[in-house]
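Here the structure is laid out as structure tokens; the discussion comes afterwards.
The values are calculated or read from the model by the stated rules, or taken from the named source; none is laboratory data. These figures come from a predicted structure and were not determined experimentally. When we count neighbours, we look across all protein chains shown, and the Cβ atoms used for this are built from the backbone with ideal geometry, even at glycine.
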Amino acid sequence: MTAFSIHAGHNPAGKTACGAVGLLDESKENRLITVELINILREHGYTVYNDTVDNGTSQNDVLNKIIAKSNSHSVSFVFSIHLNSGRNDYPGDGRIGGFEVWVCGMNKGKPELAERIRTNMRNLGFTDRGTKVSNNLKVLNKTNAPALLLEICFVDDRDDYNLYQKVGYKAIAKSIAYAIMNKQLQEAPSNLNGRVADEKAADGNWYYYENGKIATNVTTVAQNKNGWWYVRNGKVDFTYTGIAKNQNGWWRIVNGKVDFNCNSVESNENGWWKLSEGKVDFNFTGIAGNKNGAWYVKNGKVDFDYSGEVTCKIVKGQVVRA
């Protein structure tokens, strides 16, 4: 699984080496975006480190500590979250300053990733200021992994401020996260509840959602547009073959999917069961078979303690010739 290092640039608001302040406070907003971005990526199964620094003694000390924290992990990319300044347009001129990405070189997958992020931010309404190259930004040049510095918008521009407030930091974080995952935003199951997503996630897994979030503590049988699936700890388990339950009953699972064509006797860790159209039939008492033979079933379960005759001879649950 891909891992990332993400940090909010600068010290906290009010401390030395804090971010720009205008209509927006950079050190406050970039921390909101950073935490939300990390949460979204983690919900999708990624390993993410929050390498924000809150105790720097100077601007250079903040940068050195961020770089040291980022380099202490093995990650694919480093993301530095900032807000821009310099437009000094407090009344507003009807033009949005917008979003830009800084890198130290157009290599190592940075241009493609930057383009995806810019596209999503542009779709939110932010002017696309492009991907820019600088050899003077320390955090871009000293991290072991490729680094991208994201300037969300301008703190001193009324039009940027109005759009930022309208969109909100959560939507911004979501747009960035889905670009990082290379996942279409419209696939986000924002109101998905008690279902498996209809599309696989960027990491190749199919996740089960409750109230729009991956329910990592849930093991069940759940539906999406492609069928019904065995979910283990919030993720479809395509390796599972057996019998598993949900609120509607117990179901025959083959390679992670409910087999509604199953009319046989099959097993799980709790015993052997009579399946009718893929579901354990607890009302069934009689003789039922599978490829290994025929069995006496009582209330849906093979009774291995039974020996006698029903319409034929039973020995230890299995039908035998008289």
Item to check | Residue ID - surrounded by the most Cβ atoms within 10 Å (Cβ to Cβ), chosen from residues in the range 256-312 that are within 19 Å of Thr220 (Cα to Cα) and of a type in the set (A, V, I, L, M) | outcome: Leu275
Checklist entry - Among the candidates Thr131, Thr119, Thr143, which residue alone is closer than 22 Å to Gly168 by Cβ and of a type in the set (S, T, N, Q)? => result Thr119
Item to check | Residues that are over 30 Å from Asn123 (Cβ atoms) and in a helix (DSSP H, G or I), drawn from the range 51-99 | outcome: Gln59, Asn60, Asp61, Val62, Leu63, Asn64, Lys65, Ile67, Ala68, Lys69, Asn71
Checklist entry - Of all residues in the range 100-120, which are of a type in the set (D, E, K, R), touching a strand residue (DSSP E or B) at 6+ places or on another chain (Cβ under 8 Å) and not in a helix (DSSP H, G or I)? => result Glu100
Item to check | Criterion (touching a residue at least 12 places away in the same chain (Cβ under 8 Å) and either part of a loop (DSSP other than H, G, I, E, B) or in contact with a His (Cβ under 7 Å, 6 or more places away or on another chain) (or both)) met by exactly one of Leu150, Leu163 | outcome: Leu150
Next on the checklist: For Gly194, only one of the following conditions fails: (1) of a type outside the set (Ser, Thr, Tyr); (2) over 22 Å from Phe238 (Cα atoms); (3) at pLDDT 90 or above; (4) surrounded by fewer than 18 Cβ atoms within 10 Å (Cβ to Cβ). What is its number?
Outcome noted: (2)
Checklist entry - Does Tyr49 satisfy the condition of being of a type in the set (Phe, Trp, Tyr), surrounded by fewer than 23 Cβ atoms within 10 Å (Cβ to Cβ) and touching a strand residue (DSSP E or B) at 6+ places or on another chain (Cβ under 6 Å)? => result yes
Checklist entry - Quick check: anything in the range 15-26 assigned to a helix (DSSP H, G or I), buried (at least 17 other Cβ atoms within 10 Å of the Cβ) and within 29 Å of the chain's Cα centre (by Cα)? => result yes
Checklist entry - Do we find that Thr34 is surrounded by fewer than 19 Cβ atoms within 10 Å (Cβ to Cβ), touching a residue at least 40 places away in the same chain (Cβ under 8 Å) and either not acidic (Asp, Glu) or not assigned by TED's automatic domain parsing to the domain that holds Ala215 (or both) in this structure? => result no
Item to check | Verdict on Gly125 being farther than 28 Å from Val62 by Cα and at pLDDT below 95 | outcome: yes
Item to check | From the options Asn135, Asn88, Asn71, residue that is without any contact (Cβ under 8 Å) to a residue 40 or more places away in the chain, surrounded by fewer than 22 Cβ atoms within 10 Å (Cβ to Cβ) and not basic (Lys, Arg) | outcome: Asn135
Next on the checklist: If I filter the range 28-50 for residues that are assigned to a loop (DSSP other than H, G, I, E, B) and among the acidic types (Asp, Glu), do I get at least one hit?
Outcome noted: no
Checklist entry - Is it fair to say Thr239 is surrounded by fewer than 21 Cβ atoms within 10 Å (Cβ to Cβ), under 27 Å from Glu199 (Cβ atoms) and among the β-branched types (Val, Ile, Thr)? => result yes
Checklist entry - Regarding Glu43, is this residue modelled with pLDDT under 95 and either in the same structural domain as Ala197 (by TED's automatic domain parsing) or surrounded by fewer than 20 Cβ atoms within 10 Å (Cβ to Cβ) (or both)? => result yes
